[in-house]
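Notes to accompany the following structure.
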Amino acid sequence: MYEARQWDELGKFAATSPGAHLVESLALAAARTGEFVTDDEAKTLAQFHAAQTKWLDDYLVSKPCDAECKGRLVEVMLSHYEEAQGDFDVSLRKLLESAHTQSGIAVTHLHSRLLWCQVGDADLAELRDRVLVPAAAELTKSVVDPSSRSAIVSLLAITAEPAAPDAAAALAWANALAGLYAESAKQFKERRAKAAKHRQAPPPAMKKLDFCIAQPATAVMPDGSAAPADTP
């Protein structure tokens with residue numbers, strides 16, 4: 001229906017139930033084909049995706065979507081993050097910055113996927129550069145719930161830093177790290193070192209689910225010290 005631009009039919013499908021609308025929003029976020037279209041069609045597509053994104057943003061923080069629901073949605077988003085071309089960014093930022101009672105399970109799912117390198121390289125780069133790094137940078141500019149701060153720092157600590165050729169991403173990473181380093185240096189270094197040890201010697205139940213390399217490289221911390229860098 002999307003490829004045929006059957007907007008009325010898609011509207012009827014979404015109106016069937018919140019579940020149908022959720023399926024539509026998640027599926028179509030990753031349905032952008034990137035084809036060259038007319039200006040009018042490009043405007044229509046932009047408006048359509050903006051409406052879908054707003055609905056998903058609102059649903060993710062609504063009461064009908066409980067903590068378990070949020071965790072499951074994060075799993076779906078992680079598998080199609082690059083394809084969504086930014087449609088999931090605002091939703092995940094809101095979730096990470098929300099109260100622990102709402103975001104706890106979702107953060108746990110995200111932590112597990114990152115820890116065991118279960119996120120594709122392209123998806124990981126988009127998630128890191130468009131969500132985790134901006135969220136970490138924001139920690140130094142506003143008052144954030146302590147549990148949210150801890151979650152963001154922990155997630156950043158188990159995320160591979162940008163590759164050297166990507167100068168813009170590397171600079172944003174360094175700035176975000178330097179900004180939160182004064183208050184969270186110990187937590188960041190401890191979480192990064194602990195993640196490296198877990199990846200080198202995973203529990204028996206996780207051995208087949210650990211997709212990280214055996215020997216991590218070394219990253220330079222803002223204070224000049226070395227810390228394990230967990231590159232997937």
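The values are calculated or read from the model by the stated rules, or taken from the named source; none is laboratory data. Everything numeric in this text was worked out from a predicted model, so none of it was measured. Here the Cβ positions follow ideal geometry from the backbone for every residue, glycine too, while neighbour counts run over all protein chains shown.
When you look at Ala196, is it surrounded by fewer than 17 Cβ atoms within 10 Å (Cβ to Cβ), hydrophobic (A, V, I, L, M, F, W, C) and free of Cβ contacts under 8 Å to residues at least 60 places away in the same chain, yes or no?
Judged against the criteria, Ala196 is not a match.
With respect to the numbered conditions (1) closer than 16 Å to Cys117 by Cβ; (2) among the acidic types (Asp, Glu); (3) not in a loop (DSSP other than H, G, I, E, B), which one is the sole condition not fulfilled by Glu183?
(1)
Quickly run through the stretch 110-138 and pick out the residues that are touching a helix residue (DSSP H, G or I) at 6+ places or on another chain (Cβ under 7 Å), surrounded by fewer than 21 Cβ atoms within 10 Å (Cβ to Cβ) and either closer than 18 Å to Ala182 by Cβ or among the hydroxyl-bearing types (Ser, Thr, Tyr) (or both).
Ala137
Do any helices (runs of 4 or more DSSP H) entirely within the stretch 4-102 hold 1 or more residues that are surrounded by fewer than 13 Cβ atoms within 10 Å (Cβ to Cβ), and if so, which?
7-15, 18-29, 39-60, 67-79
Note down all Cβ pairs under 6 Å where the first residue falls in the stretch 48-72 and is closer than 20 Å to Glu9 by Cα, the second is assigned to a helix (DSSP H, G or I), and they're at least six residues apart or on different chains.
From the stretch 48-72, the pairs are Gln52/Ser25; Gln52/Leu28; Trp55/Ser25; Leu56/Ser25; Leu56/Ser91.
Among all residue pairs at least 6 apart or on different chains, which show Cβ distances below 9 Å where the first residue, located in the stretch 132-149, is within 11 Å of Leu96 (Cα to Cα) and in a loop (DSSP other than H, G, I, E, B) and the second is of a type outside the set (Gly, Ala, Ser) and at pLDDT 80 or above?
Val144/Glu97; Val144/Glu138; Val144/Ile152; Asp145/Glu97; Asp145/His100
Using the structure shown, decide if Trp116 is over 22 Å from Ser150 (Cβ atoms) and either in contact (Cβ under 8 Å) with a residue 60 or more places away in the chain or not hydroxyl-bearing (Ser, Thr, Tyr) (or both).
Against the criterion (over 22 Å from Ser150 (Cβ atoms) and either in contact (Cβ under 8 Å) with a residue 60 or more places away in the chain or not hydroxyl-bearing (Ser, Thr, Tyr) (or both)), Trp116 does not qualify.
Return a yes/no flag: does the stretch 164-179 have any residue that is modelled with pLDDT under 90, among the aliphatic types (A, V, I, L, M), farther than 25 Å from Glu82 by Cβ and in a helix (DSSP H, G or I).
Yes, there is a match, as at least one residue in the stretch 164-179 is modelled with pLDDT under 90, among the aliphatic types (A, V, I, L, M), farther than 25 Å from Glu82 by Cβ and in a helix (DSSP H, G or I).
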